[in-house]
Amino acid sequence: MSPEEKFKNVSIESDTKIHAIKYLNLDGTDCRYEFWEWDGVEAESLIFSTPELKEVTEAYFQKLIGLISNTTAAEPRKFTSKSGPEYTYLNFNFNVK
């Protein structure tokens with residue numbers, strides 16, 4: 001199954017503007033990357049198929065974000081996560097405009 005097909009049911013809030021979407025493979029797992037804006041906040045998301053994740057822990061999520069993020073290792077990575085039966089969302093690099 002193509003990544004586009006795998007993530008076809010990802011819902012986007014009507015007032016969220018998506019600036020970029022890419023399909024990646026991180027640590028052997030397909031994911032959808034989004035750069036978005038909502039209510040004056042810009043951020044990035046990684047969206048995974050929950051059943052395909054090797055772990056659902058904060059440490060593993062930090063590792064996945066670190067694979068694509070340009071934040072320095074000395075700074076703690078701040079992110080939010082939401083897991084459901086179909087998808088797991090990791091949101092990070094928040095910037096208030």
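The values are calculated or read from the model by the stated rules, or taken from the named source; none is laboratory data. Computed from a predicted structure; not experimentally measured. With ideal geometry, Cβ positions are generated from the backbone for all residues, glycine too; neighbour counts draw on all protein chains shown. For the accessible areas, the whole protein counts, side chains as well, though only heavy atoms, and no ligand, DNA or RNA atoms are used. Shrake-Rupley method; radii C 1.70, N 1.55, O 1.52, S 1.80 Å.
One line per residue, one yes/no per condition, for (1) free of Cβ contacts under 8 Å to residues at least 60 places away in the same chain; (2) within 24 Å of MET1 (Cβ to Cβ); (3) not hydrophobic (A, V, I, L, M, F, W, C):
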site: ASP15; (1), (2), (3): yes, no, yes
site: GLU37; (1), (2), (3): no, no, yes
site: LEU46; (1), (2), (3): yes, yes, no
site: LYS63; (1), (2), (3): yes, no, yes
site: PHE79; (1), (2), (3): yes, no, no
site: LYS97; (1), (2), (3): no, no, yes
Scanning the range 11-46 for residues that are open to solvent by 40 Å² or more (accessible area, probe 1.4 Å) and of a type in the set (Ser, Thr, Tyr), the one nearest to GLU86 (Cα to Cα) turns out to be SER11
Those residues of the range 46-62 which are of a type in the set (A, V, I, L, M) and assigned to a helix (DSSP H, G or I) amount to ALA59
Filter the range 81-90 for residues that are open to solvent by 30 Å² or more (accessible area, probe 1.4 Å) and part of a strand (DSSP E or B); the one that is nearest to PHE35 (Cα to Cα) is TYR89
